[in-house]
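**Q** Provided herewith is a single structure, encoded as structure tokens, for subsequent inquiry.
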Amino acid sequence: QVQLVESGGGLVQAGDSLRLSCAASGRTFETYTLAWFRQTPGKERELVAGIRWNGDTMHSSQSLKGRYTISRDNAKNTVNLQLTSLKPEDTAVYYCATRVGLVRTDPSEYPYWGRGTQVTVSS
């Protein structure tokens, strides 16, 4: 059993920052890739970024390019997503997901998911 729990979401104004966290438990954390996705109602879930157990990263979102940083703390079994200069179009539910192996862009490649944390950016 793998459990992922996101935290850190909330309501912010445009230009603000948020730090999202995901705590993982239930298996050997260091062997898994961790990734952040986001989804707006009516739209497809999209990969923001992923990070392997060794720290290698894949940055996928062009709309968020330069406005986020993904990091991982294996000792604490957590992955973080620092969001800066937030825009209203960044409003979404942000999900943490994990899989064995490389970072993948397709959500269907990830068997384990957190329940998400809501990020709302007002103008």
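The values are calculated or read from the model by the stated rules, or taken from the named source; none is laboratory data. Please read all numbers here as calculations on a predicted model, not as lab measurements. Every residue, glycine among them, receives a Cβ derived from its backbone with ideal geometry; neighbour counts consider all protein chains shown. Heads up: the accessible areas ignore ligands, DNA and RNA and are worked out on the full protein's heavy atoms, side chains in. Shrake-Rupley method; radii C 1.70, N 1.55, O 1.52, S 1.80 Å.
**Q** Using θ = phi - 60° and the Karplus form 6.51 cos²θ - 1.76 cosθ + 1.60, what ³J(HN,Hα) does each residue of the stretch 84-101 get, whole Hz, x for Gly and Pro?
**A** Calculated HN-Hα couplings, in order: 10, 6, 5, 10, x, 6, 7, 4, 5, 8, 9, 10, 9, 9, 9, 7, 8, x Hz.
**Q** Something else: Please check which bits of the stretch 87-121 a label hung off residue 25 would reach, taking the label as a point 7 Å along Cα-to-C-beta and the cut-off as backbone N under 20 Å.
**A** Counting only backbone N, you get 95-99, 112-117.
**Q** Please give the length that would be gained between residue 76 and residue 63 if that part of the chain were fully extended, namely 0.36 nm times their separation in residues minus their C-alpha to C-alpha distance (nm, one decimal). Before the final figure, lay out each step's value.
**A** Working: separation 13, 0.36 × 13 = 4.68 nm, distance 2.95 nm.
Separation in residues times 0.36 nm, less the Cα-Cα distance, equals 1.7 nm.
**Q** Here is a further query. Please report Rg (one decimal) and Dmax (integer) in Å for the Cα set of the stretch 1-58.
**A** Rg then Dmax for the stretch 1-58, in Å: 13.5, 38.
**Q** Okay, moving on. Using the heavy atoms of the protein chains alone and a 1.4 angstrom probe, what is the accessible area of the stretch 1-118 per residue in square angstrom?
**A** Working: 6200 Å² over 118 residues.
Averaged over the residues of the stretch 1-118, the accessible area is 53 Å².
**Q** Counting other Cβ atoms within 10 Å, keep those with at most 13, restrict to DSSP loop, and tell me which trypsin sites (Lys or Arg not before Pro) in the stretch 11-106 are left. Don't jump to the answer; show the numbers that get you there.
**A** Details: sites: 19, 27, 38, 43, 45, 52, 65, 67, 72, 76, 99, 104; in loops: 27, 43, 45, 52, 65, 67, 76, 104.
Those that pass, being in a loop and sparsely packed, are 43, 65, 76.
**Q** With an 8 Å cut-off on Cα pairs and a minimum separation of 6 or more residues, tell me the relative contact order of the stretch 33-114 in percent. Working shown, then result.
**A** Working: 147 pairs, mean separation 28.8, N = 82.
Across the stretch 33-114, relative contact order equals 35 percent.
**Q** Please report, as a whole percent, how much of the solvent-accessible surface of the stretch 1-106 comes from carbon and sulfur atoms (probe radius 1.4 Å).
**A** Numbers: 2530 of 5400 Å².
Heavy-atom surface of the stretch 1-106 belonging to carbon and sulfur, 1.4 Å probe: 47 percent.
**Q** Rg and Dmax of the stretch 46-93, Cα atoms, in Å?
**A** 11.5, 34
**Q** Please report the orientation-averaged projected area of the chain, defined via the convex hull of its C-alpha atoms, in nm². Let's see the in-between values first.
**A** Working: hull surface 27.0 nm².
Across all orientations, the chain yields a mean hull projection of 6.7 nm².
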